[in-house]
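Read the structure below first, then the notes.
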Amino acid sequence: MDEIKPAFGIYIHWPFCAKKCPYCDFNSHVQDAIDHDLWLKAYLRELRYYAAETSDRLVTSVFFGGGTPSLMKPQVIEDILAEIGRLWDCSEDFEITAEANPSSSETRLFQDFRQAGINRLSIGVQSFNDQALQFLGRLHDAAEARKAVESAAKIFDRLSFDLIYALPGQTPAEWQRALGEALTLAPDHLSLYQLTIEPGTVFHQDRVAAADEDIGTELYEITQGLMDHAGLPAYEISNHARETQESRHNLVYWRGQDYLGIGPGAHGRLTRDFQTEMIQNVREPGKWLELAQTKGLGQHKRTPITAEERRDEILLMGLRLTEGVSADHYHTLTGTDLASSLDQIRLQALENEGFITFRDNILKATPAGRQRLNAVLAHLLS
Ligand code: SF4
């Protein structure tokens, strides 16, 4: 019988956007002239560097994230994918996602992205309300967002889009209408994020206030109810999908599996004999480009993580998932026993409070636990 290989993802970071959004704390930059050929060569060199030590892996997903990867030339994407195909074996149901923005110029390129090999598109719609889009500093309007989703649905078999909620002043009725409209576009996957004000962003500088916690909770509950009813239940805190339409690439992260991060600021995890290493790339695009060109990789640091750090990371990611973390999976990842790596008194206290369950060898956060996961984990892992 053929060996079943674990999932292995490759993330490619394109760090450029047409404009910096005031809430965004991603590694994204606005730059006038971009030499796509130079960037392609740098990506290929970094891919080849890591292939030398991971060519025995089976690649199950590639994700082009950013930044705005729909600003990449389709030929660059095609060449990267061709190189990945030469360097690694890829699974039969190989998922290749690109993030895209709904501006009309990018929508016109959707067909080219499909031809380049992208088979799943994730569109940064964020809202179907013009005022909200202006507040969020987006370059597209609601009509362009609808058109982008409709065009993408004709080209890509698998499609997701993002919406942001808990905007200042947003009422439950408004959010309910927005979700209703989103569902009329019949996506099979939706990412629904609450607006958070992150340090270093323009919103943080301008002291924009995040929604009140009670409103946030009410909107979150509305989201869960409507999405369950529509057949796209949450499989992760902010992600909803019809059965089998989950993002396989993001599941690699949440299930604690290995992945490569290619490009500026990207990070990766590589495990051999239960020892996981954390790899972090140089964040600044110009510096990464120079290093990748001259040395073949733009690594900032590569460090082994301790058993305790690994446990924390697996639970931090895995408890975001509705499926939770099974003891079998935990053992496959770490070679150790999940129950004995937990403090039983703290676990029991969280079970009594209704935030965690540990039944049939599966540790799960309850819906109430997922809503306050940081606090639950802080208690469990302290
Ligand atoms: S388009 Fe996306 S990545 Fe770019 S600045 Fe806006 S939120 Fe950030």
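Read-outs: derived from the displayed coordinates by stated rules, not from any lab. Predicted, not measured: the structure shown is a model, and the values here were computed from it. Backbone-built Cβ (ideal geometry, glycine too); neighbour counts: all protein chains shown.
Points to keep in mind about this one:
- Paramagnetic reach from I155 (point 7 Å along Cα→Cβ, amide N under 14 Å) across segment 106-131: 106-124
- Across the options S28, H204, A142, the greatest Cα extent toward the positive end of the charge dipole of the chain (unit charges at beta carbon of Lys, Arg, Asp, Glu) belongs to S28.
- In this structure, the amide hydrogen of Y165, modeled 1.01 Å from its nitrogen in the peptide plane, lies closer than 5 angstrom to those of Y193, Q194, L195, counting only residues at least 5 positions away or on a different chain.
- Extension gain from E221 to E351, taking 0.36 nm per residue of separation minus the Cα-Cα distance: 44.7 nm
- In sequence order, segment 192-200 has phi-based couplings of 10, 10, 7, 5, 10, 9, 9, x, x Hz under the Karplus curve 6.51 cos²θ - 1.76 cosθ + 1.60, θ = phi - 60°, and Gly or Pro positions carry x.
- I237, I118, I84 arranged by Cβ crowding within 10 Å, fewest neighbours leading: I237, I84, I118
- Centre-to-centre, using Cα atoms only, segment 121-196 and segment 224-286 are separated by 21 Å.
- Residue exposure proxy: L381, L40, L192, ordered by other Cβ atoms within 10 angstrom of their Cβ from fewest to most, comes out as L381, L40, L192.
- Inverse mean reciprocal Cα-Cα distance (Kirkwood Rh) of the chain, Å: 21.9 Å
- Applied to segment 315-328, the Karplus parametrisation 6.51 cos²θ - 1.76 cosθ + 1.60 on θ = phi - 60° returns per-residue 3J(HN,Hα) values of 6, 4, 7, x, 7, 5, 7, 4, 5, x, 10, 7, 4, 5 Hz, with x for Gly and Pro.
- For segment 298-305, Karplus couplings with θ = phi - 60° (6.51, -1.76, 1.60), whole Hz, Gly/Pro x: x, 6, 8, 8, 9, 9, x, 9
- Between the exposed loop cleavage positions of the chain, defined as GluC sites (Glu not before Pro) in a non-H, G, I, E, B DSSP state with at most 11 neighbouring beta-carbon atoms within 10 angstrom, the longest gap is 4-242.
- Listed pairs K19/K295; K41/K301; K5/K73; K20/K295 exceeding 27 Å between Cα atoms: K19/K295; K5/K73; K20/K295
- Backbone amide hydrogens, once placed in the peptide plane, bring Y235 within less than 5 Å of H240, A241, excluding anything fewer than 5 places away on its chain.
- Cysteines (scope the chain) whose Cβ has no counterpart Cys Cβ under 4.7 Å: C17, C90
- Placing a label point 7 Å from the Cα of E243 along the Cα-to-Cβ direction, none of the residues of segment 92-125 has a backbone N under 19 Å of that point.
- In the chain, taking the dipole from charged Cβ atoms about the Cα centre, the farthest positive-side position among L377, Q280, Q344 is held by Q280.
- Helix-derived mean residue ellipticity, 222 nm - over the chain, DSSP H n ≥ 4, -39500 (n - 2.57), to 500: -12500 deg cm²/dmol
- 5 angstrom amide H check on D188, placed H, neighbours 5+ away: L159
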